[in-house]
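Novice: Below is one structure. I have some questions about it.
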Amino acid sequence: MSPRRRERERARARERGAATASGAAPVFAALGDETRLQLVSRLCSGGPASISRLTTGSHVTRQAITKHLEVLAGAGLVRGVRRGRERIWELEAARLGEARRWLQEISSRWDEALDRLRQLVEE
Amino acid sequence: MALSSDRIEKQIVLKAPRARVWRALSTGEEFGTWFGVSGLKGAFTPGQKVKGNITHQGYEHLSMEATVDQVQPEKLLSLRWHPHAVEADVDYSQEPTTLVEFRLEEVSGGTQLTVVESGFDRIPVARREKAFLRNSEGWAIQLQNVERHVSQAA
């Protein structure tokens, strides 16, 4: 690789790095709070829940919980769906991302296994 | 891979006769060789429960259990199992299974194998998201590190 090309590659890598870092920043900011982390954990383990359910057992007020959920929604981590008079909150991007990553892992294990199958039957 | 949250689909053409591929799929010893499981024996039969030990490095403490579903020689083999059952202390027996289907078709130059694993959407959300939960704990620790670093720098 020529020095000029190497420099161009480096510049591109820096741009990519910057883009990733700034893209992740709102997520980090949103999770940088004890209450919000707990809300995410709760939605993680318990699935979608209403504000009343999320407020139960918490010493934080319903209004404060709503505000925290809105911050999380702003970072694309949760989303509120209106159901009747209540809003039900559920995990959004992270949930989908994780499910996808999980499938990806199983998928790549299949690729490896099928490679070995190929070696076995084609030998 | 199909872009679905419920299924994984793979298709490959193997340069081997259909009978050869069928043998590699439908007999325990041969299946174990490429899938990475020891202790499987004989030809698979419908309804049969099979159990073996995973031989992949790092996963040797795990066993693989499956129930044979359909066996249509040189056409279709299907199994049910618990996907990605990688935690030795978790009892997966009460969880729903995924269905794995191997379909064979003769094509020019060999045998086309289609593998479909489906039913992922029925797997408990809690299990799928366990990794995320670990990540969010990781994030909390990372944030503490950043905070410590920043406050030292100030």
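The values are calculated or read from the model by the stated rules, or taken from the named source; none is laboratory data. Quantities reported herein were computed from a predicted structural model and do not represent experimental measurements. Neighbour counts are summed over all protein chains in view; Cβ atoms, including those assigned to glycine, are modelled from backbone coordinates with ideal geometry.
Novice: Looking at segment B:16-24, can you tell me whether even one residue there is in a loop (DSSP other than H, G, I, E, B) and either within 14 Å of chain A (Cβ to nearest Cβ) or among the hydrophobic types (A, V, I, L, M, F, W, C) (or both)? Give the steps one after another, and end with the answer.
Specialist: Start the filter on segment B:16-24 by keeping residues that are in a loop (DSSP other than H, G, I, E, B), which leaves B:16-17.
Those left that are additionally either within 14 Å of chain A (Cβ to nearest Cβ) or among the hydrophobic types (A, V, I, L, M, F, W, C) (or both): B:16-17.
Scanning segment B:16-24 turns up at least one residue that is in a loop (DSSP other than H, G, I, E, B) and either within 14 Å of chain A (Cβ to nearest Cβ) or among the hydrophobic types (A, V, I, L, M, F, W, C) (or both).
Novice: Among the listed residues A:ARG95, A:ARG12, A:ARG42, which satisfies the condition of being surrounded by 15 or more Cβ atoms within 10 Å (Cβ to Cβ), at pLDDT below 65 and of a type outside the set (Asp, Glu)? Reasoning before the result, please.
Specialist: On the way: A:ARG12 fails: surrounded by 15 or more Cβ atoms within 10 Å (Cβ to Cβ); A:ARG42 fails: at pLDDT below 65.
The unique qualifying residue is A:ARG95.
Novice: Yes or no: B:GLU60 under 18 Å from B:LEU104 (Cβ atoms) and out of contact with any Gly (no Cβ under 6 Å at 6 or more places or on another chain)? Working first, answer last.
Specialist: Values: under 18 Å from B:LEU104 (Cβ atoms): no; out of contact with any Gly (no Cβ under 6 Å at 6 or more places or on another chain): yes.
Answer is no for this residue.
Novice: Here's another thing I want to ask about it. Consider segment A:39-59. How many of its residues are free of Cβ contacts under 8 Å to residues at least 12 places away in the same chain and within 12 Å of another protein chain (Cβ to nearest Cβ)?
Specialist: Matching residues across segment A:39-59 total 3.
Novice: Go through (1) in contact (Cβ under 8 Å) with a residue 12 or more places away in the chain; (2) closer than 22 Å to A:GLU105 by Cβ; (3) within 14 Å of chain A (Cβ to nearest Cβ) and name the single condition B:TRP34 misses.
Specialist: Unmet for B:TRP34, out of (1) in contact (Cβ under 8 Å) with a residue 12 or more places away in the chain; (2) closer than 22 Å to A:GLU105 by Cβ; (3) within 14 Å of chain A (Cβ to nearest Cβ): (1).
Novice: Would you mind telling me which numbered condition in (1) within 14 Å of chain A (Cβ to nearest Cβ); (2) of a type in the set (S, T, N, Q); (3) buried (at least 17 other Cβ atoms within 10 Å of the Cβ) B:THR55 fails?
Specialist: Result: B:THR55 fails condition (3) only.
Novice: Check B:GLU147, B:GLU117, B:GLU95 and return the single one that is over 21 Å from A:LEU91 (Cα atoms), at pLDDT 60 or above and within 12 Å of another protein chain (Cβ to nearest Cβ). Full working, then the answer.
Specialist: Working: B:GLU147 fails: at pLDDT 60 or above; B:GLU95 fails: within 12 Å of another protein chain (Cβ to nearest Cβ).
One residue alone meets the criteria, B:GLU117.
A quick yes/no check of all residues on (1) out of contact with any strand residue (DSSP E or B) (no Cβ under 9 Å at 6 or more places or on another chain); (2) under 19 Å from B:GLU30 (Cβ atoms):
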{"position": "B:PRO46", "(1), (2)": "no, yes"}
{"position": "B:GLN57", "(1), (2)": "yes, no"}
{"position": "B:MET64", "(1), (2)": "no, yes"}
{"position": "B:GLN70", "(1), (2)": "no, yes"}
{"position": "B:LEU77", "(1), (2)": "no, yes"}
{"position": "B:HIS82", "(1), (2)": "no, no"}
{"position": "B:ALA85", "(1), (2)": "no, no"}
{"position": "B:SER93", "(1), (2)": "no, no"}
